[in-house]
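*Asks:* The structure under discussion is supplied below as structure tokens; questions concerning it will follow.
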Amino acid sequence: MQYKLICSDIDGTLLNKDRELSQVTIAEIQRISPIPFILISSRMPSAMRHLQVEIGNLNTPLIAYNGGYIVNNDTVLESTFISNKILETIILKCKNTSIHLSLYHADEWYVPALDYWAKREYNNTKVMPVVKSNNAVLKTWIKEKKGAHKIMCMGDEKEIDTLYKNLEMECRDDIMLYRSKSTYIEISQKSISKKTAIESLIKNCYSEISMENIIAFGDNYNDVEMLKSVGMGVAVANANDAVMKIANKITDTNKNDGVAKAIKDLIK
């Protein structure tokens, strides 16, 4: 099979234990150029662009927010956000709890305070949020006809568990809930996924490429549909069981340059 495009998740897949790109990984991605290497993540675009700079891959599209926002240089190809009615419901459900809500739209990131959770995400992504109350953000977005590309709920495990169950029961027709950790819930609009994002990318940028010509890398539940849909779905060895079960190939862990090793094996 001739592979013509590579898509990779970032956290837990592409980055090493220090949440950085290793020199081995950078060298391998550059070796197979001009095959496009697409970053596809739940991160916001600002938290991905510095990785593109390190790779030397500035002109390829980015797929952010698990497919909710696709941008090719300065051109927005897709923008799918959560309705403000749902956002208002989530804000109300978090009232009188200790749950932190981070709200994202394109390159905007709002937090109610620079608390433990905001600082933790800043350390992970190298992006500084804007402090603004959730209700103030909601009011502004209603006025500007905008919405959240992603909502991140972070906090006490029991409170997060209760919120997850409530939202799953009441809002499952409108939103996708994803628990990357026991203390996290990532929320996106129901209709999007990494698979639909790649399909959109092919339609808009790479019409000569089919899904069979694509290698995709992942480690977690939000990567399953993507890995199943491409020609070569590769799980890193630290992936969860659901990903390992459906993968065409299992490579080494993210800490041991698994993506680089698989690329070297698959593309001579």
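No value in this document is a laboratory result; all are computed from the given coordinates. Remember, it's a predicted structure, so these values are computed and weren't measured experimentally. Quick reminder, even Gly has a Cβ in these numbers, built from the backbone with ideal geometry, and neighbours come from all protein chains shown.
*Asks:* Counting Lys and Arg as +1 and Asp and Glu as -1, each charge on the Cβ, what is the dipole of the chain about the Cα centre in debye, to the nearest 20?
*Replies:* 200
*Asks:* Between residue 54 and residue 210, what FRET efficiency comes out of the Förster formula 1/(1 + (r/R0)^6) with R0 = 35 Å and r the beta carbon distance, rounded to 0.05?
*Replies:* The value I calculate is 0.75.
*Asks:* Hey, if you put +1 on the Cβ of every Lys and Arg and -1 on every Asp and Glu Cβ in the chain, which of 112, 81, 162 ends up farthest toward the positive end of that dipole?
*Replies:* 112
*Asks:* So for the chain: antiparallel DSSP bridges make up what percent, rounded to the nearest 5?
*Replies:* If we restrict to bridges inside the chain, about 60 percent are antiparallel.
*Asks:* From the backbone phi of the stretch 7-24, what are the Karplus-calculated ³J(HN,Hα) couplings (6.51 cos²θ - 1.76 cosθ + 1.60, θ = phi - 60°) in whole Hz, Gly and Pro given as x?
*Replies:* Computed from phi, the couplings for the stretch 7-24 are 10, 9, 4, 9, 6, x, 10, 8, 8, 7, 5, 8, 6, 10, 7, 6, 5, 5 Hz.
*Asks:* Using a simple charge model, +1 on the beta-carbon of Lys and Arg, -1 on the beta-carbon of Asp and Glu, nothing else, what dipole does the stretch 84-189 show about its Cα centre, in debye to the nearest 20?
*Replies:* That gives a dipole near 240 debye.
*Asks:* Find the Cα radius of gyration of the chain, compare it with 2.2 N^0.38 Å by division, and give the number to two decimals.
*Replies:* Here the Cα radius of gyration is 0.98 times the empirical estimate.
*Asks:* Also, quick follow-up: State the Kirkwood hydrodynamic radius of the stretch 84-189 in Å, one decimal place, computed from all pairs of distinct Cα atoms.
*Replies:* For the stretch 84-189, the Kirkwood estimate is 13.8 Å.
*Asks:* When the dipole is taken about the Cα centre of the stretch 212-268, and only Lys, Arg (+1) and Asp, Glu (-1) are charged at their Cβ, what size is it in debye, to the nearest 20?
*Replies:* 180
*Asks:* Further question: Just list whichever of 126/255; 17/146; 195/268; 146/249; 228/255; 85/181 have alpha carbons separated by over 31 Å in the model shown.
*Replies:* Correct reply: 17/146; 146/249.
*Asks:* Another question, if that's okay. Per DSSP helix of 4 or more residues, -39500 (n - 2.57); summed, then divided by the residues of the chain. What does that give at 222 nm, rounded to the nearest 500?
*Replies:* The helix contribution divided over the chain gives -10000 deg cm²/dmol.
*Asks:* Which number comes out as Rg/Rh for the stretch 113-162 once both Rg and the Kirkwood Rh are worked out on C-alpha atoms?
*Replies:* Rounded to two decimals, Rg over Rh is 1.01.
*Asks:* If one computes P(r) from the Cα atoms of the stretch 1-113, what percent of pairs lie at distances over 26 Å?
*Replies:* Result: 30 percent of Cα pairs exceed 26 Å.
*Asks:* When N is the residue count of the stretch 214-264, what does its C-alpha Rg come to as a fraction of 2.2 N^0.38 Å?
*Replies:* Against the compact-globule rule of thumb, the ratio is 0.96.
*Asks:* Still on this structure, please answer the following. Can you tell me the FRET efficiency between residue 265 and residue 145 if r is taken as the Cβ-Cβ distance and R0 is 51 Å, rounded to the nearest 0.05?
*Replies:* The computed FRET efficiency comes out at 0.60.
*Asks:* Can you put 100, 50, 149 in order of Cβ neighbours within 10 angstrom, beginning with the fewest?
*Replies:* Arranged by neighbour count, lowest to highest, 100, 50, 149 become 50, 100, 149.
*Asks:* Here is a follow-up. GNM on the chain, C-alpha springs below 10 Å: top fluctuator among 115, 252, 241?
*Replies:* Checking each option, the largest mean-square fluctuation is seen for 115.
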